[in-house]
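Enquirer: Just passing along the structure, written as structure tokens.
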Amino acid sequence: MVSVAVLGNGVVGSGVCELINKNDNNIKLSKVLVKNIDKHRSDKNYSIITDKIEDIFSKDIDIVVELIGGIHPAYEYIKTALKNKKHVITANKDLISKYGEELLELAYTNSVKLYFEASVGGGIPIIKNIKNYLISNEIKSIKGILNGTTNFILTKMNKEKTSYENALKSAQELGFAEFDPSSDINGYDSARKLSILSTIAYKKKVCWENFKVEGIQDITESDIKKANELGGVIKLLGISNFEDGKVYASVRPVIVNKDSEFAKINDEYNSIIVEGDSVGKLTFNGKGAGKLPTATAVYSDIIDSIQNKENSFLFNYEKASLESNSNTKCDWYIKINYKKSHIILNELTEHFKNLDLEINKKTNQILVMAKSECEKYINEISDRLLQLEDVDSINSLMVLNN
């Protein structure tokens, strides 16, 4: 009988406990760590619930499942478990993106395993597929809707033509968004997930703090309408690719074609497209969050650690050389808030050979469609325009037509 301790009894933690109790796989739920025992008195697992971490490490536990989230004290708990030669399963994307290489090496040194499938994509088995099924491929690119909260908000804005504020409120009321949703809406959650996937795929450390991260907080109803007029919808995408020894990575709102795979992914669902040099493009869709989808990924890792299906692998400590701008030429939707327009129009026509534009004098906005330009050039012209006294702000959205 394999003994398992679960750290955390929240949404995912309770889901893991439910799956362990439901399935007969020679697994025993031995301890559950919580902050406040009194809040869990009605839990059917109450007899094994504790608020003392010492109870976890003093028991004969084989596997520790960390689901408390955040960096501390999760980092200390996982290190202690690994040093005590206990396998560890975690869904902690914050921790893996920051300390993954250190913790994986510690697991290797102590001849135990550290699995983290649920840290990216909820119930989507994306990590297993990249490091196992695609092991013979050189991964060329990763694109994905990696956050269910932002996808829910953008879906609601698009389908119901409502404001960002109203869509966020609905997401919070339905439990898709936290009371403090900043990590999701600012793009940080997606960036951490993209960092993990890219580090595994390209075999070099990709630090999310070092690449471009934009959220959806500035997306307006007029942006949604304009995207529709262009034949697309707005999605928050994590994008990375590996070319000539360098990694380009970013998280940003993107206008995708209404007939594309990403346009069909709505509400809390996630979608990830991985391109390998031999296999081509593979698409992985599913619920990116939620009690049982995420618990399913955790439970799968528990079974893998028991059955010795695979050995823990190591992250490369060497940091990837990051390219700050995408080399791909595409169309761009640029929104300029202005005081006076004539100087700005002169600059735009001087620097862009192929563009469409419209002026909204009621909102003091110039909307520009710049065609087939690379990101570096868009950024250079934006920086130049921002130096003009007549320009208040500039926002640009990449337009992907495939």
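Coordinate-derived values only; no laboratory data. Predicted model only: the values in this text are computed from it and were never measured. Note: ideal-geometry Cβ built from the backbone for every residue, glycine included; neighbour counts use all protein chains shown.
Enquirer: Note down the Stokes-Einstein diffusion coefficient of the stretch 1-159 in µm²/s, whole number, using a Kirkwood radius over alpha carbon pairs, 25 °C, and 0.890 mPa s.
Expert: Estimated via Stokes-Einstein, D reaches 143 µm²/s.
Enquirer: What does the charge add up to near Ile142, with Lys and Arg as +1, Asp and Glu as -1, over the other residues with Cβ less than 11 Å from its Cβ?
Expert: Values: positive: Lys140, Lys143, Lys193, Lys281; negative: Glu275.
That works out to +3.
Enquirer: Taking only Cα atoms, what is the 0 to 90° angle, nearest 10, from helix 291-307's long axis to the longest principal axis of the chain?
Expert: Helix 291-307 sits roughly 50 degrees off the main axis of the chain.
Enquirer: Right, next: Taking every DSSP beta bridge with both residues inside the chain, roughly what % is antiparallel (nearest 5)?
Expert: Of the beta bridges lying entirely in the chain, close to 65 percent run antiparallel.
Enquirer: Name the residue farthest towards the positive end of the dipole of the stretch 330-400 from the options Leu386, Cys374, Ile359, assuming +1 on Cβ of Lys and Arg, -1 on Cβ of Asp and Glu, about the Cα centre.
Expert: Ranked along the dipole, the leading option is Ile359.
Enquirer: Give the long-range amide H neighbours of Ser326: residues separated by 5 or more places, or on another chain, with amide H under 5 Å away, using H modelled in the peptide plane at 1.01 Å from N.
Expert: Those lying under 5 Å, H to H, from Ser326 are Glu375, Lys376.
Enquirer: In whole Å, what is the distance between the alpha-carbon centres of the stretch 342-402 and the stretch 127-198?
Expert: 28 Å
Enquirer: Let me ask you something else. Local charge sum around Ile37 (other residues, Cβ-Cβ under 13 Å, Lys/Arg +1, Asp/Glu -1)?
Expert: Here the charged neighbours net out to +1.
Enquirer: Show me, for the stretch 364-378, the HN-Hα J-couplings you get by feeding each phi into the Karplus relation (A = 6.51, B = -1.76, C = 1.60, θ = phi - 60°), rounded to Hz, glycine and proline as x.
Expert: So the J values, rounded to whole Hz, are 6, 10, 10, 9, 10, 10, 9, 9, 6, 10, 8, 4, 4, 5, 4.
Enquirer: Hey, another quick one. Kirkwood Rh and Cα-based Rg: tell me the resulting Rg over Rh for the chain, rounded to two decimals.
Expert: That ratio is 1.02, to two decimals.
Enquirer: Right, here's the next one. Stick to the Cα atoms of the stretch 7-52, pair each with every other, and give me the Kirkwood hydrodynamic radius in Å at one decimal.
Expert: 10.8 Å
Enquirer: I need Ser305, Ser382 ordered by Cβ neighbour count within 10 Å, fewest first.
Expert: Ser382, Ser305
Enquirer: Helix-only estimate, please: 222 nm mean residue ellipticity of the chain, summing -39500 (n - 2.57) across DSSP H runs of length 4 or more and dividing by its residues, to the nearest 500. Walk me through the numbers before you get to the answer.
Expert: Details: 12 runs with 135 residues, N = 402.
Roughly -10000 deg cm²/dmol at 222 nm, from the helical runs in the chain.
Enquirer: Counting other beta carbons within 10 Å of each Cβ, put Arg252, Arg384, Arg41 in order, fewest first.
Expert: So the ranking, lowest neighbour count to highest, is Arg41, Arg384, Arg252.
Enquirer: Given N residues in the stretch 212-277, what is Rg(Cα) / (2.2 N^0.38 Å)? If you can, show how the numbers build up before the last one.
Expert: On the way: Rg = 13.4 Å, N = 66, 2.2 N^0.38 = 10.8 Å.
Here the answer is 1.24, to two decimals.
Enquirer: Could you run the Karplus curve 6.51 cos²θ - 1.76 cosθ + 1.60 with θ = phi - 60° over the stretch 16-23 and give me ³J(HN,Hα) per residue in whole Hz, x for Gly and Pro?
Expert: With coefficients 6.51, -1.76 and 1.60, one gets 5, 4, 4, 5, 5, 5, 7, 9 Hz.
Enquirer: Which FRET efficiency value, to the nearest 0.05, do you get for Asp180 and Asp38 by plugging their Cβ-Cβ distance into 1/(1 + (r/R0)^6) with R0 = 25 Å?
Expert: Efficiency at R0 = 25 Å is approximately 0.55.
Enquirer: Can you work out ³J(HN,Hα) from phi for every residue in the stretch 111-123, in order, using Karplus 6.51 cos²θ - 1.76 cosθ + 1.60 and θ = phi - 60°, giving whole Hz and x for Gly and Pro?
Expert: Per residue, the Karplus-derived 3J(HN,Hα) values read 6, 10, 10, 10, 10, 8, 4, 6, 6, 9, x, x, x Hz.
Enquirer: Also, I was wondering about something else. Kindly provide log₁₀ I(q)/I(0) values, in the same order as q = 0.18 Å⁻¹, from the Debye equation applied to equal alpha-carbon scatterers of the stretch 252-301.
Expert: -0.75
Enquirer: Looking only at GluC sites (Glu not before Pro) in DSSP loops with at most 10 other Cβ atoms within 10 Å, what is the longest site-free stretch of the chain?
Expert: 1-317
Enquirer: Treating the angle as unsigned and between 0 and 90°, give the value, to the nearest 10°, between the Cα long axis of helix 93-109 and the longest Cα principal axis of the chain.
Expert: 40 degrees
Enquirer: Can you give me the three principal axis dimensions of the stretch 101-142 from its C-alpha atoms, in Å, biggest first?
Expert: Principal-axis extents of the Cα atoms in the stretch 101-142, largest first: 32, 24, 15 Å.
Enquirer: Amide H of Lys28 versus every other amide H placed in the peptide plane: which residues, excluding those fewer than 5 positions away on the same chain, fall under 5 Å?
Expert: So Lys28 has HN proximity to Val2, Ser3, Val4.
Enquirer: With each label point set 7 Å from Cα along the Cα-Cβ vector, what nm distance links Gln217 and Lys85?
Expert: Roughly 4.9 nm, to one decimal.
Enquirer: With the Cα gyration tensor of the stretch 284-402 in hand, give its eigenvalues times 5 under a square root as the equivalent ellipsoid semi-axes, listed largest first in whole angstrom.
Expert: Working through the eigenvalues yields semi-axes of 46, 18, 13 Å.
Enquirer: Cα-Cα pairs above 19 Å in the stretch 330-400: how many percent?
Expert: Counting pairs separated by more than 19 Å, the tail of P(r) holds 22 percent.
Enquirer: Lys and Arg at +1, Asp and Glu at -1: add these up for the other residues within a Cβ distance under 14 Å of Asn110 and post the number.
Expert: Spelling it out: positives minus negatives among the neighbours equals +2.
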